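Remarks on the structure that follows.
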Amino acid sequence: MASKLFGGTNLSDIARSLKDQPESMPSDRPAVRPILPAAEMAITGRTLPPLERENIFSVDPKRVRPWRFHNRADSWYTRERCQDLIDSIARDEQQVPAVARKLTGDPNHDYELIYGMRRRYACEVLGKKLKVRVIEADDTRAAVLMHIENADRQDISPMERALSFQSQIEGGVFATQDALSEAIGLSKGQVAKMLKAAQLVRHTTIGALFPDKSAVPIEQSYKLATLMDRPGAKEVVLKAAQNLKKGDKEREPGAVLRVLIESLDRSKKFEPVQKHYNVGASRRVIVTRNARGKVTLAFPQGLKGVDKGEVLTAVEQIVKDLG
């Protein structure tokens, strides 16, 4: 089922409204014509937004830098991974312009690319000018536009999107996960899962195991991240990750995650704990957990005369603290 945004606007319809516009021939002067501003439609849900002016320029790709929140991993920018696009542009020219914002104050770049990084790379390899559609957009509007452009692309992995979402949250593009979820038309649960998975691969020790983070599967990453929330589990997983890093054997991302998940089953170890809790106003209980996870409750003053409700309250707190 197609994703919908604030006012019931369909993502695929917005994408088509942006992609299906006729294009001008490359030139050094901008083409000016009215368009439907897709980002405005995405953010407000209006189906008949006001017209705005569109500028398409042919520019030196070296004068274009990526938007810092773009969702393409650096591993994409190789001849091998872009050869299909290089061949296409060499044969048929660039059919669809990239989308960018005008920059000021950067001596090395004139534009900031919101999406179209593979097109930029291909044009640079070929020594051709890059066609860019120049728009005015803040970071939030740019994020929505980028998501619309890439929503149906099979060559952008779920982890690439997740890492982009994480950087957008950290950079203040969206104030909350819920705001991001509403703006891009994904469920809150799906966004929460993607962000948790992204946080895992961005961990220094675990992330070092993945030269190409874009290839890391979301589901397994989320499962491991959830398991690591258990008491003592994080230390076990990080130790297993350190051991994997020392080894010479190269594993694909899914296999690496399986090893890390299985390390918890092999260890069955927990962080030893000894804590004191009050039982009512005058009694206490000593809680001990060993490395195997066995928990012992000791009542030095006994339980004679103790109110059962006070004991249950203390036990509930113990269970909550130990998970």
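The values are calculated or read from the model by the stated rules, or taken from the named source; none is laboratory data. Everything quoted here is computed from the prediction, not taken from an experiment. Please note: Cβ atoms are built from the backbone with ideal geometry, for glycine as well, and neighbour counts cover all protein chains shown.
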Q: Please work out which residue is surrounded by the fewest Cβ atoms within 10 Å (Cβ to Cβ), limiting yourself to segment 292-309 and to residues that are in contact (Cβ under 8 Å) with a residue 24 or more places away in the chain and under 45 Å from the mean Cα position of the chain (by Cα).
A: Arg292
Q: Select from segment 299-323 the residues that are among the charged types (D, E, K, R) and assigned to a helix (DSSP H, G or I) and write down the one among them that is nearest to Ala281 (Cα to Cα).
A: Glu310
Q: Of the numbered conditions (1) touching a residue at least 12 places away in the same chain (Cβ under 8 Å); (2) of a type in the set (S, T, N, Q); (3) surrounded by fewer than 18 Cβ atoms within 10 Å (Cβ to Cβ), Ser187 fails exactly one; give the number of that condition.
A: (1)
Q) Does any residue of segment 285-304 turn out to be small (Gly, Ala, Ser) and at pLDDT 90 or above? A) yes
Q) So Leu238 clears everything in (1) assigned by TED's automatic domain parsing to the domain that holds Pro217; (2) part of a loop (DSSP other than H, G, I, E, B) except one condition, right? Which one? A) (2)
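Per-residue answers, yes or no, for (1) surrounded by fewer than 14 Cβ atoms within 10 Å (Cβ to Cβ); (2) within 29 Å of Ile218 (Cβ to Cβ):
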{"residue": "Asp87", "(1), (2)": "yes, no"}
{"residue": "Glu124", "(1), (2)": "no, no"}
{"residue": "Arg141", "(1), (2)": "no, yes"}
{"residue": "Val144", "(1), (2)": "no, yes"}
{"residue": "Ala151", "(1), (2)": "no, yes"}
{"residue": "Glu160", "(1), (2)": "no, yes"}
{"residue": "Ser167", "(1), (2)": "no, yes"}
{"residue": "Ala183", "(1), (2)": "no, yes"}
Q: From Arg251, Arg258, grab the single residue that is under 27 Å from Ala197 (Cβ atoms), part of a loop (DSSP other than H, G, I, E, B) and modelled with pLDDT of 85 or more.
A: Arg251
